[in-house]
Amino acid sequence: MKRTITEKLLEWKNSDDRMPLLLTGIRQCGKTYTMKELGETAFGGNYAYFNFEKNTAVAEVFAYDLDPHRILRELSALHGKAIVPGETLLIFDEIQSCVSAITSLKYFCEDLPELHVIGAGSLLGVTLNSVQLSFPVGKVNRMQMYPMSFQEFLEATNPNAVQWLECRWKCTEPLEDAFTIPFANALKLYYIVGGMPKAVETWQKTSDLEKVEQVQDDILRDYANDFAKHAPISEQPKLSLIWDSIPQQLAKENHKFIFSHVKKGARAADLENALSWLEDAGLVYKVHLTEQMRLPLAYQADATHFKVYMADVGLLRRKAGVTAQIIMQGNGTYGEFKGALTENFVLQQLLSLNKKPYFWRSNNQAEVDFVFEEDGNFIPVEVKSDENTKAKSYARFCELYQPSFGFVTSLKNVGDHKNSNTQTYSVPLYLLWKLNDWIQLERAKAPAFDLNAYMNESLSFQDLMK
């Protein structure tokens with residue numbers, strides 16, 4: 001199945017200033033498959049794969065010293081074939097199981113820069129944030145991998161639809177009526193199946209939702225087993241409580257995460273370490289409140305006020321016990337949770353597009369679901385789960401802050417209008433993966449800032465010294 005991160009990996013491979021790469025991501029999101037596929041396609045099958053979790057003997061290679069030349073000789077012996085810098089892709093999977101291997105990346109960068117090295121791990125984020133190690137600061141590249149986006153899901157299950165969009169459709173045009181219902185149904189199916197590659201593959205091969213749900217149940221059990229296997233003993237009960245509370249927290253009207261709803265009488269101080277563990281593991285995403293629209297948004301965010309979403313909308317749906325039939329029929333009895341599923345979906349799509357979202361609220365009277373920075377501007381995104389696009393909070397935001405453009409995403413067709421002085425685009429939820437097309441449209445309206453030209457037109461230091 002095609003993954004969009006492959007293009008970034010190819011850019012990394014061909015970069016002149018490439019460094020060893022650390023690839024993080026939730027368990028079973030496709031890291032191992034993607035790394036091996038890179039080895040097959042971009043290196044002609046010339047790759048050496050080592051899994052520190054399955055083969056603990058590999059860690060012994062790093063126990064003596066961290067000389068990359070010696071390490072490479074011994075790894076070549078274990079591999080049964082020479083690992084040649086510039087020709088071989090060296091893969092360290094589950095690298096968090098050997099912290100010395102993480103440290104060694106510094107020396108691979110300094111002494112063997114021509115060697116292509118990728119270190120990956122499902123709990124690598126936990127290790128990097130919790131284990132004392134000599135981290136190779138400035139000596140590694142970083143990438144984050146997510147479950148399959150809706151675009152990747154479409155390319156796996158209905159590639160013709162993606163090809164049609166790429167060849168014939170422009171973001172300034174409403175989608176033809178003949179396509180709106182199939183795309184909307186594909187979106188519902190994505191809510192059910194989600195983006196975990198094994199679940200998508202099972203659906204692709206069998207079209208059997210019962211088998212898909214068996215896969216999802218297995219994945220959820222594996223995550224729970226990770227709590228017992230890898231988390232500190234003192235945090236394990238808290239992890240389970242938080243993990244099980246997420247669907248309930250999202251079912252509330254404002255979706256705000258409240259620690260006392262995890263366990264009666266619990267305080268933030270009691271549970272925040274466990275929540276951080278889940279976040280570092282990639283199992284959950286935190287979206288923080290910002291009430292002040294000043295850049296950069298990261299410095300305006302309220303660290304104590306946030307919403308918590310799951311890494312995959314399909315797993316959220318399964319964990320919440322919402323049946324596939326309810327999703328496909330659009331049963332109104334799950335209306336509040338339908339909004340939660342939709343927000344979780346939108347967040348996943350924004351993350352897959354490398355956006356860092358926050359949410360905005362004003363005196364508990366107005367709220368915009370997501371706001372992110374783009375080209376020095378803040379871009380609001382209002383989320384609606386059906387065709388109703390009335391958005392008083394979004395209108396209030398535009399009135400207060402006058403962003404140049406923003407988005408309302410729903411099941412309504414493509415359109416645009418002025419909201420105050422803000423160019424507002426109506427983007428169907430199932431076309432949200434094309435969001436950058438509208439952003440490029442706005443970029444074309446404004447002259448690009450040319451730093452080189454600006455510097456050339458400015459007085460030089462030599463001029464000032466005269």
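The values are calculated or read from the model by the stated rules, or taken from the named source; none is laboratory data. Since this is a predicted model, take the numbers as computed values, not measurements. A quick note on method: Cβ atoms are made from the backbone with ideal geometry, for glycine too, and the neighbour counts reach across all protein chains shown.
When the residues of segment 166-181 are narrowed to those that are outside any loop (DSSP other than H, G, I, E, B) and free of Cβ contacts under 8 Å to residues at least 24 places away in the same chain, which ends up surrounded by the most Cβ atoms within 10 Å (Cβ to Cβ)? Per the stated criteria, the residue is Phe179. Considering Asp208, Asp177, the condition of being on the phi < 0 side of the Ramachandran plot and either among the hydrophobic types (A, V, I, L, M, F, W, C) or at pLDDT 90 or above (or both) is satisfied by Asp208 alone. Of all residues in segment 47-66, those satisfying the criterion of being assigned to a loop (DSSP other than H, G, I, E, B) and either buried (at least 20 other Cβ atoms within 10 Å of the Cβ) or out of contact with any Asp or Glu (no Cβ under 8 Å at 6 or more places or on another chain) (or both) are Phe52, Asn55, Ala63, Tyr64, Asp65, Leu66. Please verify whether Met19 is under 19 Å from Asn141 (Cα atoms) and assigned to a helix (DSSP H, G or I), treating the condition exactly as stated. Against the criterion (under 19 Å from Asn141 (Cα atoms) and assigned to a helix (DSSP H, G or I)), Met19 does not qualify.
Summed over segment 22-46, residues that are assigned to a strand (DSSP E or B) and over 18 Å from Ile71 (Cβ atoms) total 3. Scanning segment 186-213 for residues that are free of Cβ contacts under 8 Å to residues at least 12 places away in the same chain and not basic (Lys, Arg) yields Thr206, Ser207, Asp208, Glu210. Among the conditions (1) in a helix (DSSP H, G or I); (2) aliphatic (A, V, I, L, M); (3) farther than 21 Å from Gly25 by Cα, Ala266 misses just one, which is (1). Counting only residues that are among the polar types (S, T, N, Q) and under 12 Å from Gln144 (Cα atoms), segment 7-51 holds 1 of them. With respect to (1) in contact (Cβ under 8 Å) with a residue 60 or more places away in the chain; (2) basic (Lys, Arg); (3) under 30 Å from Asp93 (Cβ atoms), the lone exception for Arg221 is condition (1). Here's a check for you: in segment 103-127, which residue that is outside any loop (DSSP other than H, G, I, E, B) and without any contact (Cβ under 8 Å) to a residue 60 or more places away in the chain is nearest to the chain's Cα centre (by Cα)? For segment 103-127, the residue satisfying everything is Thr127. Taken over segment 315-359, the criterion of being of a type in the set (Phe, Trp, Tyr) and at pLDDT 90 or above is satisfied by Phe345, Tyr358, Phe359. When Ile91, Ile95, Ile83, Ile102 are checked against the criterion of being in contact with a helix residue (DSSP H, G or I) (Cβ under 9 Å, 6 or more places away or on another chain), over 27 Å from His230 (Cα atoms) and of a type in the set (A, V, I, L, M, F, W, C), a single residue qualifies: Ile83.
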